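The values are calculated or read from the model by the stated rules, or taken from the named source; none is laboratory data. The shown structure was predicted, so the numbers you read here are calculated from the model rather than taken from an experiment. Don't worry about glycine lacking a Cβ; one is built from the backbone with ideal geometry, like all the others, and counts go over all protein chains shown.
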Amino acid sequence: MDTRKYNIYFHTHTISGIIIAALLYVIFFAGSFSFFKDDISAWQKGKSAVAKTITPDYNYLFDSLAQHHNLRGRNFDFYVLRQGHGTYVNMSASQDTTISKPKPKKKEGGRGRRGGDDDSAYFLFYFGDKTPSSYAEGYDMGEFLYRLHFLAQLNQIGINIGTPFGYLLAGIVSFMFLFALITGLLLHWDKIKSNFFIFRPWSKWKTVWTDMHTALGVIGFPFQLIYSITGLVLIVNVVLIAPFSKLLYNGDSEKLYESLQYSRSMKTEYSYKPMTASFDMNAFLAKWQKEIKGGQISRIHIGSYLDQNMQVSMDTKPDPKASFAGSGFVKVDIASGKVLEQKSLVDDTNYIDWVKGLIYHLHFGDFGGIPLRIVFFVLGLMGCVVITSGIMIWLVARDKTNIPVYKRKFNFWASNVFMAACLSMLPVTAFTFIMLKTLPHIDQSVIYRVYFYSWLVLGLYFIARRDLPLMNRQTLLFSAILCFGVPLANGFSTSLWMWKTWQQGAFDILFIDFLFLALAAICGFSYWKVRHQAKSFSILSFKKREEKPLANKVV
Amino acid sequence: MLSFHLFLTALLPQEEVIATAFFTGYLLWAFLLLYAFTAHNVWRVWGIYILLTAVFALPYLLKFNLNHGY
């Protein structure tokens, strides 16, 4: 490779990398934890979803809803949770105007903010204890971290650019990440073989960071490439879809989404004629559950409940063990019992199912059980290490005598802020987990306040100290203590100690305790190592050192 | 990037091409962006991009016009 190309790759890689560094760290960190989203929810609520099998009782749900609402003529959407232990329920107002008595109303928009002045409802329902909770009440730490990893919380800060700001930002970061990945690989291409096994942990710090950055970057490259692309598809695919729909579908994006099998039209006519027979949802589902052989019903739509034209549509997903990709669909007219449309899970899997299955499963890591998630979790944290070491390389490479002091000061300021924001994430996360178990009432706003304010406080503290080695040591110490506190807090508040959850078979709760215990051990070990062995060094009269906890885990 | 996939839709089933573009589109896009950085002459980059776009868009435009807009 000639020097000119090398320099171009080098600079594009550096610039695109350093711009997105802090945000990308947040995305990777929160994303890694959201592999365990379901386990975190179970942990927080103290209700295991795997300890005993829960049979969803939809009839009970309808009966209890019917006590407060006249259900006739309503549309229902059930978005079933992945483990099938609960569902989001979206109940529309009745299409029967004698029941809904519509007021003239303005059209409401915005995802996730449903329910207006009519008596429609949107809530989360757990089949285990049969309690409904609103979205904000049902909001848990798993959901929080999951949404943080595509910066959904930033949507709420009121920058109005026509599209959710946080999602757009996440998309841009994702694309720049893809770009940085490609330039990084090309940059390292010539040395990829010769340096593959090179890691010199006892050399000077800059070498350690460089080796860490390239070695882990190369090992993690396929993983990270997959995530940058699937992430782009999942968060900002509209930039790709919009022009295609303009050019090929005459601007009819509904139609494009339909042909890509994202949505189907499920309209039913309301006939004002009540259905004569009664409807047993449980029996209906049991029958179809048998039909789809181990697959999972992911979404149910009921159009015009208890009307002559009542229809039920279901989306189904195959058991990942049986088939990697595929999606099923069935639409049934209830009064006549006729199947109107059907796409079998087994036989009708097509190319688009494969593409979408690939994107979805690769991104969510949900096809290999817990072991795969742990591997993905470690790979995700490796991404974090690559980012932080990248920041450090960026800093020390610019800390030379021939560079003006004001620039060096700015560089230090930037990396100080970046590192403070990044490194304080682990202690803050552990702290929030502890708070979940100590505060009397938890909902969305409580989680927001605890997490973001403690992050702000800790971040500002480290920024003010302006000392990277100290930041490293203290975050390690805080992380070790706070992570260790997580299983303790769980044990004291719910008395679900690890041995008890083991006995009950509540492995999802046990796993989170164990995860934090492991993190605590790693952080504690690294803290001890850093205290005793790390060489000091100085730049610009400030001293600084790298984060090590995550590196220890993988190297 | 767009016109290239548009070109493919002329030959292959269009919704499958779009689904494939989920992967190839973004990758191609990133590489095209990188190419603009490595090129010696900026005008040539513009020229190449426009030329490629025009060539790939040709089948689509022809089809579009021969069918009176549909």
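What to note about this one:
- Single residue of the stretch A:183-196 satisfying the filter (farther than 16 Å from A:I19 by Cα and either aliphatic (A, V, I, L, M) or crowded, with 22+ Cβ neighbours inside 10 Å (or both)) that is farthest from the other protein chains (Cβ to nearest Cβ): A:I192
- Residue match in the stretch A:291-314 (condition: among the acidic types (D, E) and touching a strand residue (DSSP E or B) at 6+ places or on another chain (Cβ under 9 Å)): yes
- Restricting the stretch B:19-40 to residues that are over 18 Å from A:T12 (Cβ atoms) and among the polar types (S, T, N, Q) leaves a set whose member that is nearest to the other protein chains (Cβ to nearest Cβ) is B:T20.
- Test: residue in the stretch A:365-380 that is surrounded by 17 or more Cβ atoms within 10 Å (Cβ to Cβ), charged (D, E, K, R), at pLDDT 85 or above and part of a helix (DSSP H, G or I): yes
- Any hit, the stretch A:380-389, residues being closer than 28 Å to A:S133 by Cβ and within 22 Å of the chain's Cα centre (by Cα): no
- Selection status of A:F144, in contact with a Leu (Cβ under 9 Å, 6 or more places away or on another chain) and surrounded by 20 or more Cβ atoms within 10 Å (Cβ to Cβ): no
- Residue in the stretch A:287-294 that is within 28 Å of A:A93 (Cβ to Cβ) and modelled with pLDDT under 80 present: yes
- Only one entry of A:K437, A:K400 meets the criterion of being touching a residue at least 24 places away in the same chain (Cβ under 8 Å) and charged (D, E, K, R), and that entry is A:K437.
- The stretch A:352-388: number of residues that are among the charged types (D, E, K, R) and within 14 Å of chain B (Cβ to nearest Cβ): 2
- Failed condition for A:A30, given (1) under 21 Å from the mean Cα position of the chain (by Cα); (2) within 14 Å of chain B (Cβ to nearest Cβ): (2)
- Considered as a group, the residues in the stretch A:427-469 that are of a type in the set (A, V, I, L, M) and farther than 27 Å from A:F514 by Cα include one that is surrounded by the fewest Cβ atoms within 10 Å (Cβ to Cβ), and that residue is A:A464.
- On the stretch given as the stretch A:298-331, residues that are without any contact (Cβ under 8 Å) to a residue 40 or more places away in the chain and in a strand (DSSP E or B) total 6.
- Test result for B:Y60, facing chain A (nearest Cβ under 9 Å) and either under 21 Å from A:A180 (Cα atoms) or modelled with pLDDT of 80 or more (or both): no
- Residues of the stretch A:57-76 that are assigned to a helix (DSSP H, G or I) and either closer than 16 Å to A:S304 by Cα or touching a residue at least 24 places away in the same chain (Cβ under 8 Å) (or both): A:Y58, A:N59, A:Y60, A:L61, A:F62, A:S64, A:L65, A:A66.
- Only a single item in (1) assigned to a helix (DSSP H, G or I); (2) of a type in the set (S, T, Y); (3) within 14 Å of another protein chain (Cβ to nearest Cβ) is not met by A:T349, and it is number (1).
- Within the stretch A:171-205, being among the aromatic types (F, W, Y) and under 16 Å from A:L24 (Cα atoms) holds for A:F175, A:F177, A:F179.
- Hits in the stretch A:233-247 - residues which are in a helix (DSSP H, G or I), out of contact with any Leu (no Cβ under 7 Å at 6 or more places or on another chain) and either facing chain B (nearest Cβ under 10 Å) or surrounded by fewer than 18 Cβ atoms within 10 Å (Cβ to Cβ) (or both): A:V233, A:L234, A:V238, A:V239, A:L240, A:A242, A:K246
- In the stretch B:1-16, the qualifying residues are those that are assigned to a helix (DSSP H, G or I) and within 9 Å of chain A (Cβ to nearest Cβ), and the one that is modelled with the highest pLDDT is B:E16.
- The stretch A:149-171: number of residues that are without any contact (Cβ under 8 Å) to a residue 12 or more places away in the chain, of a type in the set (V, I, T) and either assigned to a loop (DSSP other than H, G, I, E, B) or within 24 Å of A:I15 (Cβ to Cβ) (or both): 2
- Among the residues listed as A:F179, A:F223, the single one being away from chain B (no Cβ under 14 Å), farther than 26 Å from A:R449 by Cβ and in contact with a Leu (Cβ under 8 Å, 6 or more places away or on another chain): A:F223
- Here A:A430 meets the list (1) modelled with pLDDT under 90; (2) among the aliphatic types (A, V, I, L, M); (3) under 20 Å from A:F492 (Cα atoms) almost entirely, failing just condition (1).
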